[in-house]
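Data block below; observations after.
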Amino acid sequence: MDTHAFKRSLHHSDRYNRRGFGRADEVAGSLEQAYQSSLIGSIRDNDYRLSHGRLKVRLAEAFGFCWGVERAVAMAYETRKHYPHERIWITNEIIHNPSVNDHLREMNVEFIAVDQGVKDFSGVDCGDVVILPAFGATVQEMQLLNERGCHIVDTTCPWVSKVWNTVEKHKKHTCTSIIHGKVKHEETLATSSFAGTYLVVLDLKEAQMVADYILGNGDREAFMAKFANACSQGFDPDRDLERLGVANQTTMLKSETEEIGRLFERTMLRKYGPADLNDHFLAFNTICDATQERQDAMFSLVDEPLDLMVVIGGYNSSNTTHLQEIAISRGIRSFHIDTPERIGADNSIEHKPLDEEEELRREDNFLPSGPVTVGITSGASTPDRVVEHVIQRLIALSEI
Ligand code: SF4
């Protein structure tokens, strides 16, 4: 499919909207009530610090809702106002945050069911309204919804669209897109649907395997076994690794994406020499500002003396997981939780360990006795209201 041409024709359809409905004022009150927090506002004004008895809280200087998420959530609220009687669907969680998704359910926005990783669009009818979430949707999903006669409200973050444009450029230059991301993450699924030939690498270790292969130090069978589910159909490492471009899932660890970009640049330089490098390697910066700011703020925060960290965000939120990785890499006792209720009144905590396969882990004696400094940050899809509730629980525990 000519994805570029499809996207252009979709953008001209009168059943497609990616700019909202001009009803921002009508939804501002509901958004403020549901997601904003005066406590967090006053902590921000107090140099991101709060002292309460023996408890000190230190907030990261950039955390929580990014503008792309704010925009997507506001568009979803506007959609309900604009279509008060129509059936409204969303192809996935609008963002990776349970409280936001619950609010949408309360507004009668239905989520497309997923059965064993496959979405079931059978309930969606002509004339229904379908919202595409902040991290986008695959081109095949857009095509299906368009052909079915749905109204599409596209809240895809412009940063994500920028990555899609990047992989379109790779395709135009007959380059293979090396996508730094999680192969099953919705954003990476969407990005790869716009790519031509692609290979998804999770981290520097996987990227190094690819670089080794390019330099003739790999085994074809082992390579194909490793990347069987992470490449475009018919991918051939002997044919498709001669011209590369790098793109990423916007919420990956910035330093790692940069390292991967440099690795492939060096690799192609070694293989083809400086005169031909530009024919074999295309670099674009596709790391979003918000992700970068939150990661930078986290690196500053973990340099301070902290007794523990609480990292708040959905368990499937990639940018939140990366914030937790930063704390763990510094040896800080850090807990990733998705809702305030994970902190129990009995001073226990139920949290998600970094290992994806591991279930939630419960720990007692969460808040130590005596003076304690807690660092707090939250992922780009976490409203301030949720952070406020976490701090209130910490305050309550510190008073026991
Ligand atoms: S984290 Fe970045 S790419 Fe993702 S929604 Fe926010 S601004 Fe957009």
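FYI, it's all coordinate maths here, none of it is from the lab. Keep in mind it's a predicted model, so treat the numbers as computed, not measured. Cβ placement follows ideal geometry from the backbone for every residue including glycine, while neighbour counts extend to all protein chains displayed.
Some notes on this structure:
- Semi-axes of the equivalent ellipsoid for the range 67-157, computed as √(5λ) from the eigenvalues of its C-alpha gyration tensor and ordered from largest down, come to 18, 15, 13 Å.
- The helix-only estimate of mean residue ellipticity at 222 nm for the chain, built from DSSP H runs of length n ≥ 4 each weighted as -39500 (n - 2.57), is -13000 deg cm²/dmol after division by the residue total.
- Sorting the segments 214-220, 288-294 by their residues' average number of neighbouring beta-carbon atoms within 10 angstrom, most packed first, yields 288-294, 214-220.
- Gyration tensor (alpha-carbon) shape descriptor, the chain, a/c threshold 1.5: oblate
- Size of electric dipole in the range 245-400: Cβ of Lys, Arg +1 and of Asp, Glu -1, about Cα centre, debye, nearest 20: 280
- Ratio of Rg to Rh over the range 26-125 (Cα coordinates, Kirkwood Rh, two decimals): 1.10
- Take every pair of alpha-carbon atoms less than 8 Å apart whose residues are at least six positions apart; their mean separation over the length of the chain yields a relative contact order of 20 percent.
- When Rg and Dmax are taken over the Cα atoms of the range 155-214, they come to 11.8, 39 Å.
- C-alpha center-to-center spacing [the range 304-381, the range 270-303] in angstrom: 28
- Among the listed pairs Lys162/Lys271; Lys254/Lys352; Lys56/Lys184; Lys56/Lys182, those with a Cα-Cα distance over 32 Å are Lys56/Lys184; Lys56/Lys182.
- Each residue, Phe111 and Glu358, gets one label point 7 Å from its Cα in the Cβ direction; the gap between the two is 2.5 nm.
- For the range 67-157, a simple Cβ point-charge model (Lys and Arg +1, Asp and Glu -1, everything else neutral) yields a dipole of about 160 debye relative to the Cα centre.
- Shape call, the range 233-317: gyration tensor on alpha carbons, a/c limit 1.5: prolate
- Student exercise, the chain dipole from Lys, Arg, Asp, Glu Cβ charges, in Debye to nearest 20: 720
- Taking the number of Cβ atoms within 10 Å of each Cβ as an exposure proxy, the fewest-first ranking of Val200, Val302 is Val302, Val200.
- Protection proxy ranking of 91-103, 232-244 - average other beta-carbon atoms within 10 Å, highest first: 91-103, 232-244
- Dipole orientation for the chain: of the candidates Ile328, Leu397, Ser161, Ser161 has the Cα lying most toward the positive pole (charges on Cβ; Lys, Arg +1; Asp, Glu -1).
- For the range 173-287, average projected area of the Cα convex hull in nm²: 6.4
- Ranked Glu86, Glu304, criterion: other C-beta atoms within 10 Å, fewest first: Glu304, Glu86
- Sequence ranges 151-161, 127-137, ranked by mean other-Cβ count within 10 angstrom, highest first: 127-137, 151-161
- Cα centroid separation - the range 183-261 against the range 19-59, whole Å: 39
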